[in-house]
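Asks: Structure incoming, see below.
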Amino acid sequence: MTPQLELTDYQSETRWRWVLYDERRNLLADHDVALDPADPQYQDFLDVPGRLDYHAPLEYGDGYAASLERRRQWMHALGEWAGEKILGGLRPALKKHLRPPVTVV
């Protein structure tokens with residue numbers, strides 16, 4: 001079974017709805033996305049490389065390992081935010097119906 005994720009009810013770059021269907025178009029899950037443009041993590045999401053360098057600059061020499069860990073933590077936090085805000089209630093259904101590896105294009 002290959003589920004299909006569809007973007008519907010598009011209002012703006014911060015508001016839309018995801019609908020996940022099975023191959024027979026039965027509803028598996030849906031999620032309304034409502035991102036707050038004033039949210040600092042939304043701003044981070046718009047410019048990941050630039051904001052990563054700002055929040056967790058890469059240091060060389062003795063601080064290199066620590067700076068890599070700060071970068072990893074920052075990326076993890078942003079990924080958690082994106083998973084919650086952008087995928088939200090779809091996550092359990094995606095985990096159930098998708099089998100690794102999954103490619104997103």
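The values are calculated or read from the model by the stated rules, or taken from the named source; none is laboratory data. What you see is a predicted model, and the numbers here were worked out from it, not measured in a lab. Every residue, glycine among them, receives a Cβ derived from its backbone with ideal geometry; neighbour counts consider all protein chains shown.
Asks: Starting from the stretch 49-74, take each residue that is without any contact (Cβ under 8 Å) to a residue 60 or more places away in the chain and list its partners that are loosely packed, with under 12 Cβ neighbours inside 10 Å and not in a helix (DSSP H, G or I), counting only C-beta distances under 8 angstrom and pairs at least six apart or across chains.
Replies: The qualifying pairs are 67/57.
Asks: Hey, does the stretch 21-29 have a residue that's over 13 Å from the mean Cα position of the chain (by Cα) and of a type in the set (Asp, Glu)?
Replies: Yes, the stretch 21-29 contains at least one residue that is over 13 Å from the mean Cα position of the chain (by Cα) and of a type in the set (Asp, Glu).
Asks: Going by the conditions given, is residue 82 closer than 27 Å to residue 15 by Cα, out of contact with any strand residue (DSSP E or B) (no Cβ under 7 Å at 6 or more places or on another chain), at pLDDT below 95 and in a helix (DSSP H, G or I)?
Replies: yes
Asks: Something else now. So which residues in the stretch 10-46 are surrounded by fewer than 13 Cβ atoms within 10 Å (Cβ to Cβ), over 22 Å from residue 81 (Cα atoms) and either at pLDDT 95 or above or acidic (Asp, Glu) (or both), if there are any at all?
Replies: 23
Asks: For residue 44, indicate whether it is closer than 23 Å to residue 91 by Cβ, part of a helix (DSSP H, G or I) and not polar (S, T, N, Q).
Replies: Criteria met by residue 44.
Asks: Scan the stretch 53-70 for residues that are touching a helix residue (DSSP H, G or I) at 6+ places or on another chain (Cβ under 6 Å) and either surrounded by fewer than 11 Cβ atoms within 10 Å (Cβ to Cβ) or in a helix (DSSP H, G or I) (or both) and jot them down.
Replies: Across the stretch 53-70, the qualifying residue is only 55.
Asks: With the checklist (1) touching a Pro at 6+ places or on another chain (Cβ under 7 Å); (2) part of a helix (DSSP H, G or I); (3) not small (Gly, Ala, Ser) in hand, flag the one item residue 20 doesn't pass.
Replies: If we test residue 20 against (1) touching a Pro at 6+ places or on another chain (Cβ under 7 Å); (2) part of a helix (DSSP H, G or I); (3) not small (Gly, Ala, Ser), just (2) comes out false.
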